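No value in this document is a laboratory result; all are computed from the given coordinates. All of these numbers come straight from a predicted model, not from anything done at the bench. A quick note on method: Cβ atoms are made from the backbone with ideal geometry, for glycine too, and the neighbour counts reach across all protein chains shown.
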Amino acid sequence: MVKKQAPETIPVTVTFLEMTRPPAQYASLPYNRQIALLRVRNIPVHYYRYLIDRVGRKWHWVNALRLSDEEMADGLSKPDRDIRVLYLDGAPAGFFDIKQHLPEATELAYFGMMDHATGQGLGRWFLSAAIEAAWSYKPEKVVVQTCTLDHPAALPLYQKLGFSPVGQMPEVVRPMTLEERAAVIARP
C-alpha cells in the first residue's frame, strides 16, 4: 500500500479584511434549531487542537497545530482571548477565536464550522455572532484574514456582513500528512 504524501507546499493568496464600524444590525438566531454558543474559559489544549483540526482540516489550518503544547497553552491563557464554541444538537459544530492583541483592532483569528453544520443556514448568524463579540471590546476596527484555501463562501460572506478587503499577500502553506495530524491530535 502506497502512503499518500501531502504536497510540500501549496501557494495561497491571503486576503486581509477590516470592518471600521459595527453593523447596524446582527443576524437573528435560526429558528427551530437546538443551538448553543458558549464562551470557553480556560480551554484545554487538547480541546482547542480538536476544534482546529475538525474545523480546519480541509482548509489546511496547520499553524496552530504545529505549536508545542507549551506554546499553545501560553497563547490560550492570555487574557485577550475570547473563544466561543458553537454546539448543534448538543455536539460541537464550530468555533471562533477573537484576539485583542492589536493596539487599535480586534482580530477574528479563527472562524469556522465543522462539516456536519455547513449547508444548514447557520453561517450568516454564526459569523454575525462573532462580529458582535469582536465589537463588544470597543476597538477602532475588526480585522480578519482568509485565503484561497478557505471555504469558497468565506470571502463573499465576510464581505456581505460588512468586511472590506484592504490587502493581499502571497504565502505558502506546508500541509500536514495524516500521520502528522494524528500524532498532534493524539498527544497525551
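Here are the numbers for this structure:
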item	result
Calculated on alpha-carbon atoms, Rg and Dmax of the stretch 9-132 in Å	14.9, 43
Between helix 45-56 and the chain: long-axis angle, C-alpha atoms, 0 to 90°, nearest 10	80 degrees
Rel. contact order, % - alpha carbon contacts under 8 angstrom, at least six apart, the stretch 1-158	31 percent
Amide H partners (placed H, <5 Å) of M114, local residues excluded	G94
Among L127, M176, P11 - extreme Cα towards positive end, dipole of the chain, charges at beta-carbon	L127
Amide N of the stretch 80-110 lying under 13 Å from the label point, which is placed 7 angstrom from the Cα of E140 along Cα→Cβ	102-106
Neighbourhood net charge (13 Å Cβ-Cβ; Lys/Arg +1, Asp/Glu -1) for D115	+2
Where only C-alpha atoms are counted, convex hull volume of the stretch 102-188 per residue in Å³	158 Å³
Ranked I131, I35, criterion: other C-beta atoms within 10 Å, fewest first	I35, I131
For the chain, size of Cβ-based charge dipole, Lys and Arg +1, Asp and Glu -1, in debye	420 debye
Difference of contour (0.36 nm per residue) and Cα-Cα distance, V172 to S68	35.3 nm
Residues L127, L149, L38 arranged by fewest to most Cβ contacts within 10 Å	L38, L149, L127
Karplus-derived HN-Hα couplings along the stretch 87-98 (A = 6.51, B = -1.76, C = 1.60, θ = phi - 60°), whole Hz, x at Gly and Pro	10, 10, 6, x, 10, x, 9, x, 6, 9, 10, 9
Estimated 222 nm signal from helices in the chain, with DSSP H stretches of n ≥ 4 weighted -39500 (n - 2.57), rounded to 500	-7500 deg cm²/dmol
Exposure proxy ranking, count of Cβ atoms within 10 Å, fewest first, for T9, T148	T9, T148
For the stretch 127-177 and the stretch 94-121, distance of Cα centres in Å	8 Å
Dipole in debye (nearest 20) - the stretch 12-120, about Cα centre, beta carbon charges: Lys, Arg +1; Asp, Glu -1	300 debye
